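Let me begin by presenting the structure, written as structure tokens, before commenting on it.
The values are calculated or read from the model by the stated rules, or taken from the named source; none is laboratory data. Only a predicted model underlies this, so the values are computations on that prediction, with no experimental measurement involved. With ideal geometry, Cβ positions are generated from the backbone for all residues, glycine too; neighbour counts draw on all protein chains shown.
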Amino acid sequence: MTQAKWIDISQPLTNKMAHFPGDTPFNYALTYTKEQTGSVNVGQITGSVHTGTHIDAPFHYDSNGKTVDLLDLDIYIGEAVVLDVSYTDKITADTLKQFDLSGVSRVLLHTSLPNNPERFPDQMPELDPSIAAFLNENGVNLIGVDMPSVDPPESKDLTAHHALYQHGIFILENLMLDDVDPGCYELIALPLAIDDADGSPVRAVLRPID
């Protein structure tokens, strides 16, 4: 039997991609060309660790929280369910109660925000902090969203971040889910092993589970 192919749900890292207002934009450039070195091209990248599809480590919003290098990799590998909540602009615990989350530990939300990596959105759907307790009660420890953040860009309180953190739920942001059908998948979204970092870009991929 032929195994289903992996689906890339990551934003491509390009010099045209949008970045969080005030943060460092992504840039790739050649430091040295093959003509200069006589053997190889050598590139360099600059940009925020929250560039494109990325994870937030607890240290991002809690100075005493774990950094990327201390996170359990099992959080980011395994079965996940993609839920379509694109019919609403406010996602609450009641929104999620219509779905069967039995045995699910990773939830990816396809929201009403269209995927457009080159444009930072003016407005995003709202994640009500009430989802944190509900997800925790159902054994979920990772939430992924197709938005730049689980909180509004202007937020200083970061109520959704902190509610999820207090309930042991880790955060994966800026997924590309417009063309992904709801259902069960195998997820791999590994952060880079960056010492003391508050976040990391990831290459997030899904494979359908029969």
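A few points about this structure:
- The lone criterion from (1) under 26 Å from Thr67 (Cα atoms); (2) not in a loop (DSSP other than H, G, I, E, B) left unmet by Ile194 is number (2).
- In segment 176-185, the condition of being surrounded by fewer than 17 Cβ atoms within 10 Å (Cβ to Cβ) and within 24 Å of Thr51 (Cα to Cα) is met by at least one residue.
Conditions tested, residue by residue: (1) modelled with pLDDT of 95 or more; (2) aliphatic (A, V, I, L, M); (3) in a loop (DSSP other than H, G, I, E, B).
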position: Leu109; (1), (2), (3): yes, yes, no
position: Phe120; (1), (2), (3): yes, no, yes
position: Pro153; (1), (2), (3): no, no, yes
position: His162; (1), (2), (3): yes, no, no
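- The set of residues from segment 159-204 being touching an Asp or Glu at 6+ places or on another chain (Cβ under 6 Å) and within 25 Å of Thr14 (Cβ to Cβ) comprises Ile171, Leu175, Leu177, Ala193, Gly199.
- Against the list (1) within 16 Å of Val205 (Cα to Cα); (2) not in a loop (DSSP other than H, G, I, E, B); (3) not aromatic (Phe, Trp, Tyr), the condition Leu177 fails is (2).
- For segment 5-19, residues that are under 17 Å from Leu177 (Cβ atoms), in a loop (DSSP other than H, G, I, E, B) and either in contact with a strand residue (DSSP E or B) (Cβ under 8 Å, 6 or more places away or on another chain) or among the acidic types (Asp, Glu) (or both) total 4.
- Scan of segment 10-46 for residues that are closer than 20 Å to Val202 by Cβ and among the aromatic types (Phe, Trp, Tyr), ordered by number: Phe20, Phe26, Tyr28
- In segment 60-103, residue farthest from the chain's Cα centre (by Cα) [restricted to those that are assigned to a strand (DSSP E or B) and of a type in the set (D, E, K, R)]: Lys90
- Among the residues of segment 129-151, those that are over 15 Å from the mean Cα position of the chain (by Cα) and either surrounded by fewer than 23 Cβ atoms within 10 Å (Cβ to Cβ) or touching a residue at least 60 places away in the same chain (Cβ under 8 Å) (or both) comprise Pro129, Ser130, Ala133, Phe134, Asn136, Glu137, Asn138, Gly139.
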